[in-house]
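The values are calculated or read from the model by the stated rules, or taken from the named source; none is laboratory data. Computed from a predicted model, the values in this text were never measured in an experiment. As a convention, Cβ positions derive from the backbone with ideal geometry for all residues, glycine included, and neighbour counts pool all protein chains shown.
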Amino acid sequence: MRGPFPLNFSRVDILVIPGRPGVYGIANTADSPVYIARAENDLSLSLRRWVDKYKFFWFEYALSPKDAYLMECEAFHKSPDKRLENKLHPGPPDNLKLKCPVCGGT
């Protein structure tokens, strides 16, 4: 993922194209993300929800909700377990039956 970038409205508006799916990480320090998630439809909107709750973000665009899920799984497994605030494995999009490309879980 690209980043870290300061998480504020103006930085999100400058860097993130609205209406695109993607995966993102957020944190209060610029070291590494402590929360990994995906946006199936609008990465910009998802990041804007975290302004004033976290200070930094990382992101990467995806081609589709399926791609965003696969990327989220990879980022989730690359992050040290003790650093992540979201401990539960990502679930697939509601309308797709997918397995994690890293561990095979759903």
Exercise. Could you check, for the range 73-94, whether at least one of its residues is touching a helix residue (DSSP H, G or I) at 6+ places or on another chain (Cβ under 8 Å), among the hydrophobic types (A, V, I, L, M, F, W, C), in contact (Cβ under 8 Å) with a residue 12 or more places away in the chain and not in a loop (DSSP other than H, G, I, E, B)?
Key: no
Practice problem: Quick one: in the range 80-95, of everything that is surrounded by fewer than 16 Cβ atoms within 10 Å (Cβ to Cβ) and over 21 Å from L45 (Cβ atoms), which residue is modelled with the lowest pLDDT? | Solution: D81
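Per-residue answers, yes or no, for (1) among the charged types (D, E, K, R); (2) under 23 Å from A27 (Cβ atoms):
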site	(1), (2)
D42	yes, yes
L47	no, yes
W50	no, yes
L88	no, yes
P92	no, no
N95	no, no
L98	no, no
Quiz item: Is it true that some residue in the range 46-65 is assigned to a helix (DSSP H, G or I), among the polar types (S, T, N, Q) and on the phi < 0 side of the Ramachandran plot?
Solution: yes
Quiz prompt | Scan of the range 47-64 for residues that are over 23 Å from L7 (Cβ atoms) and of a type outside the set (S, T, Y), ordered by number | solution = L63
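Matching residues to (1) closer than 28 Å to K99 by Cβ; (2) modelled with pLDDT of 95 or more; (3) over 9 Å from the mean Cα position of the chain (by Cα):
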| site | (1), (2), (3) |
| --- | --- |
| I17 | no, yes, yes |
| D31 | no, no, yes |
| M71 | yes, yes, no |
| K78 | yes, no, yes |
Quiz prompt | Unmet criterion (only one of (1) over 24 Å from G105 (Cα atoms); (2) among the hydroxyl-bearing types (S, T, Y); (3) touching a Leu at 6+ places or on another chain (Cβ under 9 Å)) for T29 | solution = (3)
Self-check item: Residue tally, condition polar (S, T, N, Q) and free of Cβ contacts under 8 Å to residues at least 24 places away in the same chain, over the range 1-45
Solution: 1
Self-check item: Test result for S10, modelled with pLDDT of 95 or more, under 21 Å from F76 (Cα atoms) and either in contact with a helix residue (DSSP H, G or I) (Cβ under 6 Å, 6 or more places away or on another chain) or in a helix (DSSP H, G or I) (or both)
Solution: no
Practice problem: Tally the residues that are basic (K, R) and within 9 Å of the chain's Cα centre (by Cα), restricting the search to the range 33-53. | Solution: 1
Quiz item: Do the conditions hold for Y61, that is, is it surrounded by 14 or more Cβ atoms within 10 Å (Cβ to Cβ), of a type outside the set (D, E) and touching a Lys or Arg at 6+ places or on another chain (Cβ under 6 Å)?
Solution: yes
